[in-house]
Structures are given as structure tokens and as C-alpha cells.
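The structure under discussion appears below in the form of C-alpha cells.
The values are calculated or read from the model by the stated rules, or taken from the named source; none is laboratory data. Since the structure is predicted, the reported quantities are computational estimates derived from the model, not experimental observations. Note that we place each Cβ from the backbone using ideal geometry, even for glycine, and neighbour counts take in every protein chain shown.
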Amino acid sequence: MPTILDTDPRYEELDKYIDQVKEKKGMLIGVLHKAQEIFGYLPIEVQHHVAKKMKIPESTVYGVVTFYSFFTMKPRGKYQIKVCMGTACYVKGGQKLLERFREELGVQGDEPTEDGLFSIQEVRCLGACSMAPVVLIGERDFHGRVTPDMIPKIIDEYRKKEGKKK
Amino acid sequence: MSVKHTILICAGGACISSGEESVKSVLEEELKKNDLEDSVRVVQTGCMGSCNLGPIMIVYPEGVFYQKLKPQDAKKIVEEHLLKGKIVSSLLHRGPTGKVEPHAKEELPFFTEQVKIATRNLGLIDPFNINEYIANDGYFALEKVLKSSPEWVIEEIKKSGLRGRGGAGFPTGLKWEFTRKAPGDEKYVICNADEGDPGAFMDRSVLEGDPHSVIEGMEIAGYAIGSHHGYIYVRAEYPLAIERLNNAISQAKRYGLLGENILNTDFSFDIELRIGAGAFVCGEETALIQSVEGLRGQPVQKPPFPAQKGVWGKPTVINNVETLANIPVIINKGAEWFASIGTEKSKGTKVFALSGKINNAGLVEVPMGTTLRKIIFDIGGGIPNGKKFKAVQTGGPSGGCIPAEYLDTPVDYESLTKLGTIMGSGGMVVMDEDTCMVDVARYFLQFSADESCGKCTPCREGTRKMLEILDRIVEGKGKMEDLDMLEELALTIKDTALCGLGQTAPNPVLSTLKYFRDEYEAHIKEKRCPAKSCKALIAYQIDPNACVGCTACAKVCPVGAISGEVRKVHEIDQEKCIKCGSCYEVCKFDAVKKVDAVDLKLNIKNE
């Protein structure tokens, strides 16, 4: 299990954000969004830090983190492949896309691939039903009207992108 | 130099995902190259609604509608249309008969049959520019309201007959009146933008395409109930909506239309965004309140209703996005005008998000009382690939499926409830003969079971038990008694669950049991899936008379289950086949057939 040390400089960024919003009521979810943006996930150490800084019981923080599907306590791949499981996508074969992605990447659930590049997530309706079935990679890359045989090419695109960077 | 052309580019979600941004950047490049930057104005608008035609561009003053654009097409439009005044006919819409329709927006039934109130500005104005909203009567209603009494505003909304567009259809004016009359100095307005129903994207389009209309609606609500603070609770899945709302809020503040002493009156109102974190139940108002407070989004018992005890324990009005977007128009044009549209008990219009097996997928707004047939066939363009319409699903996981025999039903709150479904937020997912209704029911139940917050037993355990039964049926292991058990469970959950999610979760099962019982029975008695969709009950087979031996299927098969030589008939090894359907998709000769597994005398594989 990777741990994030107390001395991690990223805590400073988080603390700065918490100080900014501390006048407002009910900001726990907002703070957790920020924390996940900074750390990529919300391991127990980060939750403890948030609890202490916001003077909220650790149990409350843990309760919120585990309630909402957006928050994760496990690291995710650099590229999160979000396969839409909304009605329109489901009717148009979203399930098949999910199976093919898992097959191509050799993963079972939402764990990241060995190289840490990808992880697969089943998501709720992305509201792009007219393009069904859709896959969202990261926050912005929408792939519409995807068929299973397009998947190896899609994955390759991102692998290539990474290859270039290295 | 004066502006000679205005180009509207749709920047709705679907157009963006089909490449609108690169079309726009090529367009801008070309305008620069040809020195047209000053004489051509480019406006990025919200969703135009015809999502299947995206990316879309309309060139004014001619009003020429260009569709399905690729980046290089922008160059053609600049060179031909803008410079030479010639319409690029290859980029125009063609009707079903092949007729070219250069002014599709004025010609296609998809556009002409609509009546736009909540979506009035979508596809027309730049959502990033408050001036464009103001130019289209924006914030006029707020000004009018501030010169009147809160009681007048409430009376006007009551007279208009506006009902909540989020699903249940509670009269908006009445909700406001209850909240105004509730004791307490501190009150809140919440905009419910947690559009969670799968297959629904109306609210998203309004937030992205016309954020100011929602802000203005909230301010009017705030004035009417005596509140100075509003929250917009928006899903984290809608980053674009969040960006545009944030921009709109700060613009409105700069213009003195939001914040302290609005329009130099003593009315002050502030709006804060709250971002959800992926929990469907948060669309339920009491759960939403918990989430706004930063807690787990678990519903609480009603009464007390939010109008008495809402966020921070204070009286709170919660309205849906579309409801709020209607408010400014009602104030401007009057309650009588609004009430003259629609049916006796459901006034005004409703926005629907059409998706699934339909030609014109997209966003439509029609008067209440429009028939399903008109929405799906006249406006929606019917079912693609010559398939037969089977059912339309409304109301998401809380709704049900309506079969073909009720296509002539005028859509309003009452008529849909009578059919065993609900209006819901406005998602309409169309299903054709290839959709298995048992599997659809299972899909929605799985959704509700996953999203059940776990607080009350009927919903937490009941939906799970129903799901187990449905899982058995789609695998061909169901018994006839299962159907009685499903019904018993469904009715118990409906009566005893704590919140709306649980109380409505059985609807998809009840409505399919009512209209498509034969499909359930076919799965159970004959081990057949009539739609040939349930994996465990079908098999793929190659028709030797149709196969030309092109080898496409063998190449695409991920498990090497297909054998055969070039130009000779291929065969599928049923033992190896994982029924992924790749061969079926790839065959150009319709030689791969779906058959009932029972007919092949295959044992239904046990997992």
C-alpha cells in the first residue's frame, strides 16, 4: 500500500485551499474534491489530515469518502477510462465495450494496469446519449459511437502519447 | 468594417465530442487568412438540439444550416460561402427523400414542431456572454419582479400552472408559497442540477447553453420566498456546466444583477455552487440537502418538508433546472400566456432528451399534451435501420416502458402515471425489436440497487432480491413462481421505502411485467429471448447459404472460434464461442445469425 508522508509538500496546497473556504459551511465534499485532484486518490492518511485540519471527526470524513462513487481510496491509472453505463449506451452495447477494454488491458475491475497508465471505471450516464455508446478518457476526451473493434486503436493512441513523452 | 456574416457554432456536449473545437479552430484560422476576422462574427452557442447532426454551423444572414462538419469543411465554407457567396451543398442536410434542405432549422419538422420556452436561448446565444442573454430579454423579468410584491410573483407562478420539471410535478407556486409562509428569517433557494437519470441531458444542456436563465429564475424565487442565498447543486459529471455557471455568476455580479443591492434595490441575493460526487440518490431533495451540507447523501423522513426544514434546518425551496429556466418567461409574458399552452392539468412545455434507437437523437421541447407518436416519429424521425418500435422508456430508473399501442397518448403528468410510468425529468429512451424488455428491467433495477443508499431495508434488501430473480430469468433459470414473487416484492417496496428512489425503483419491473409479460414467460418457459439479446439464451450461427467466405468474422473473433477457408463457408465452434457478437457486427453479408440456443440443443452454460 503506498503511503503519503506527513512531510509531503502537496499538503501545503491542500491546506491553502482549506484556509480559503473555512468561512463557508458544509465544505467537506468540496475539500475532498480538491484533495483528490491533488493526490489522485484519498488514502486514509489524507483523510486524517483533512479531518484534523477541518476539525471534523475522522469517521465523518471516511463516511463521506466511502459514500460517494467519485471518491476513491485506491490509486487510479493515469488515464481513467470511463465506460458509460447509461441506458442509451447500455442499449447500444456499452457492456461489450467494458468487456473488451478489460480483455485488452488485462484487468478485472477498477485496478490500474501494471504500467499505471490505465484504469477502467463503469460510470453513470455521461449525458452524451445521442453519441451512444460513449467512452470518456480522462476529463475531456469523448469517444462516441464506439464499437469493440475500435478499442485497441484507442488504447494505442494513449500508449503512443506516453511513448513520445518518455 | 461592419459585420457581414454571423456564424453560430453549436458547442453543446454532443457537438463538442464530435469535434466542434477543431472545426472552430480551422474556421478561425481561415477567417484570419482571408482577412475576414472583422466582417464575420463567430458565436459558440449552447446545444441546438439536433445532436445526431453535429458538429453544426449556421451561417447568417442567409441562415444556411451546415451539418456533420469535419475540420476541413470549415475551409470550404469560408472559401465558397463567405468569399464567393455560394452555398456548399455537400454539407447541407438531406431529407429522407434525398432533398437538400439548406435552411434545415426552418424546414425540418425536428425544429419546426418544437415550442421553446425553457430552451429558448439554446443554440441562439453565446452562453459565455451576458450581453447576449440581456439582449434576448434576459434579466427583464427580475427587474419587473423587483418592482412588484413577492405575493404578486407567487400568485403569478401559481396562476401559470407551472409544475416541477424534475419528475414529481408538484405545483411550483404552491411550493414557493409554503416556503414564504414558513416561519424564520433565513431561507434558501436550491437549484437541483443533479440530473442523474440515465438517458437525461436536458438540464445539462440548459446549464451549458443558457446558465443565466437559471440564475435569473433562482433570484426571482429568492425574492418571492424572502431568501438571500442560493445553492446550485450540480453533478461532478458535468464539468462544462460548472465552468459556464461559474462564469455566468461572476458576470452577473459584475453587472449588479447578482449580489448586494441588485439593480439598486434593497434586494440582495448570492449564489454558491456545490459539486456532487457521484451519488444518484442526491437528486432526491432530502438527500440533496444533506449533500449540500457536505455530508453523506442519505434521505431523511418527510415531513418535515424542505419548505419547513431544509438546508441548515431552514425553510428551503428546491427547484429543478428546467423549472427555473421557465420562470423568467412566465414573468415576462404573463401567467395567462403560459397557461394557454399544454393540457388542463399540465401547463407549458416539456423538454425531452431523445436517445436510444431513434434517428434524430437530441433535445426537443414540445407543448404538454403532444403525443408520443409525434415526438418519436415526426420530430424524432422514427427508428433507424427499418426496425420496429417496441417501447419507449420515460422517467429513468423511476419510470417505466410504454409499448406501441399507447403511442397516441398525449404526454402529460397524469397520462404517463396512468400508464405506469412517470414524466420524470424528461429522458426518453427509445427501444426497438432488438431490445429485451426483461433485460431492460434488470438494467434499471441493477442501477437502483447499486445506488440505494442502504438506509432503509425495503430498498436495500428488496431491490437486491428482485435483481437476483431477474438475473436468474435472463440466464434462463427462472421459474414461473418468480413472477409472483417479483410482483409481491415490488409492491412492498413501493409502499414501504423511505424515499422516492426506493418507492419508484420497482416501476421498470412492474411496467414491463404489465406490457411485456410474454417476454418474461418466453425466458422462463421456453428458455428463449424473443429479442435475441440475452447472452445466455442465444447462440451465433453462420448461414451457409449467405456466407461468401470473406474471413472477416474469423479475423475479428477474439477467441478463435471461427474456422473456414477463404471463399468457403465458415463455421462457429459453439464450445469456444464467448458470444461477444463481434462476428455479427462485422459480417457484411448478414450471414451471421443470432439463434435461440435451445434450438441448437446447447446446454445453457452454467457460470
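For residue A:79, are the conditions met, namely being of a type in the set (Phe, Trp, Tyr) and more than 13 Å from chain B (Cβ to nearest Cβ)?
The answer is yes for residue A:79.
For segment B:20-29, enumerate the residues that are at pLDDT below 95 and under 17 Å from residue B:58 (Cβ atoms).
B:20 - this is the single residue of segment B:20-29 that is at pLDDT below 95 and under 17 Å from residue B:58 (Cβ atoms).
Among the residues of segment A:1-45, write down those that are touching a helix residue (DSSP H, G or I) at 6+ places or on another chain (Cβ under 8 Å), within 19 Å of residue A:57 (Cα to Cα), part of a loop (DSSP other than H, G, I, E, B) and not charged (D, E, K, R).
Within segment A:1-45, A:26, A:27, A:42 meet the criteria.
Find the residue count for segment B:361-373, including only residues that are more than 9 Å from every other protein chain (Cβ to nearest Cβ) and in contact with a Gly (Cβ under 7 Å, 6 or more places away or on another chain).
Number satisfying all stated conditions: 4.
Return the residue satisfying two criteria in turn: it lies in segment B:342-360 and is in a loop (DSSP other than H, G, I, E, B) and away from chain A (no Cβ under 14 Å), and of such residues it is nearest to residue B:330 (Cα to Cα).
B:348
Given the criterion within 25 Å of residue B:15 (Cβ to Cβ), among the hydroxyl-bearing types (Ser, Thr, Tyr), surrounded by 16 or more Cβ atoms within 10 Å (Cβ to Cβ) and out of contact with any strand residue (DSSP E or B) (no Cβ under 6 Å at 6 or more places or on another chain), identify the matching residue among A:79, A:68, A:90.
Criteria check complete, one pass: A:90.
For residues in segment B:287-339 being part of a helix (DSSP H, G or I) and among the aromatic types (Phe, Trp, Tyr), which is nearest to residue B:190 (Cα to Cα)? Walk me through how you get there before you give the answer.
Going residue by residue through segment B:287-339, those that are part of a helix (DSSP H, G or I) are B:287-292, B:311-313, B:321-333, B:335-339.
From what is left, the residues that are among the aromatic types (Phe, Trp, Tyr) are B:312, B:337-338.
Working: B:312: 12, B:337: 27, B:338: 24 Å.
Filtering segment B:287-339 for residues that are part of a helix (DSSP H, G or I) and among the aromatic types (Phe, Trp, Tyr), the one nearest to residue B:190 (Cα to Cα) comes out as B:312.
Determine, yes or no, whether residue A:154 is without any contact (Cβ under 8 Å) to a residue 60 or more places away in the chain, of a type in the set (Val, Ile, Thr) and not in a strand (DSSP E or B). Give the derivation first.
Details: without any contact (Cβ under 8 Å) to a residue 60 or more places away in the chain: yes; of a type in the set (Val, Ile, Thr): yes; not in a strand (DSSP E or B): yes.
It is true that residue A:154 is without any contact (Cβ under 8 Å) to a residue 60 or more places away in the chain, of a type in the set (Val, Ile, Thr) and not in a strand (DSSP E or B).
Among the helices (runs of 4 or more DSSP H) confined wholly to segment B:502-607, which include 1 or more residues that are away from chain A (no Cβ under 14 Å) and within 38 Å of the chain's Cα centre (by Cα)? Show your work before the answer.
Numbers: elements: B:507-515, B:517-521, B:552-556, B:582-586.
Fully inside segment B:502-607 and qualifying: B:507-515, B:517-521.
Please enumerate the residues belonging to segment B:289-321 that are in contact with an Asp or Glu (Cβ under 6 Å, 6 or more places away or on another chain) and either among the acidic types (Asp, Glu) or within 14 Å of another protein chain (Cβ to nearest Cβ) (or both).
Answer for segment B:289-321, where residues must be in contact with an Asp or Glu (Cβ under 6 Å, 6 or more places away or on another chain) and either among the acidic types (Asp, Glu) or within 14 Å of another protein chain (Cβ to nearest Cβ) (or both): B:299, B:314, B:321.
For segment B:408-450, what are the residues that are assigned to a helix (DSSP H, G or I), away from chain A (no Cβ under 14 Å) and within 19 Å of residue B:517 (Cα to Cα)? Before the answer, list the steps.
To start, the set of residues in segment B:408-450 that are assigned to a helix (DSSP H, G or I) comprises B:413-418, B:437-450.
Of the ones still in play, those that are also away from chain A (no Cβ under 14 Å) are B:413-418.
Scanning segment B:408-450 gives a single hit, B:418.
Looking at segment A:86-98, can you tell me whether even one residue there is more than 9 Å from every other protein chain (Cβ to nearest Cβ), closer than 30 Å to residue B:533 by Cβ and in contact with a Pro (Cβ under 7 Å, 6 or more places away or on another chain)?
Within segment A:86-98, one or more residues are more than 9 Å from every other protein chain (Cβ to nearest Cβ), closer than 30 Å to residue B:533 by Cβ and in contact with a Pro (Cβ under 7 Å, 6 or more places away or on another chain).
Based on what the data block shows, is residue B:402 away from chain A (no Cβ under 14 Å), under 22 Å from the mean Cα position of the chain (by Cα) and within 28 Å of residue A:70 (Cβ to Cβ)? Don't jump to the end; show me each part of the working.
Details: away from chain A (no Cβ under 14 Å): yes; under 22 Å from the mean Cα position of the chain (by Cα): yes; within 28 Å of residue A:70 (Cβ to Cβ): no.
So residue B:402 does not fit the description; no.
Any idea which residue in segment B:100-141 is nearest to residue B:10 (Cα to Cα), counting only those that are surrounded by 19 or more Cβ atoms within 10 Å (Cβ to Cβ) and touching a Pro at 6+ places or on another chain (Cβ under 7 Å)?
Looking at residues that are surrounded by 19 or more Cβ atoms within 10 Å (Cβ to Cβ) and touching a Pro at 6+ places or on another chain (Cβ under 7 Å), I get B:127.
Kindly indicate which of A:67, A:39, A:101, A:118 is more than 9 Å from every other protein chain (Cβ to nearest Cβ), aromatic (Phe, Trp, Tyr) and more than 12 Å from the chain's Cα centre (by Cα).
Selected residue: A:101, the only one of A:67, A:39, A:101, A:118 that is more than 9 Å from every other protein chain (Cβ to nearest Cβ), aromatic (Phe, Trp, Tyr) and more than 12 Å from the chain's Cα centre (by Cα).
Run residue A:132 past the list (1) modelled with pLDDT under 90; (2) over 20 Å from residue B:535 (Cβ atoms); (3) within 11 Å of chain B (Cβ to nearest Cβ) and report the number of the one that doesn't hold.
With respect to (1) modelled with pLDDT under 90; (2) over 20 Å from residue B:535 (Cβ atoms); (3) within 11 Å of chain B (Cβ to nearest Cβ), residue A:132 is out only on (2).
State all residues of segment B:192-228 that are assigned to a loop (DSSP other than H, G, I, E, B) and within 14 Å of chain A (Cβ to nearest Cβ); if no residue qualifies, say none. Full working, then the answer.
Here is the first cut: in segment B:192-228, the ones assigned to a loop (DSSP other than H, G, I, E, B) are B:194-201, B:210, B:226-228.
B:194, B:195, B:196, B:197, B:198, B:199, B:200, B:201 - these are the residues of segment B:192-228 that are assigned to a loop (DSSP other than H, G, I, E, B) and within 14 Å of chain A (Cβ to nearest Cβ).
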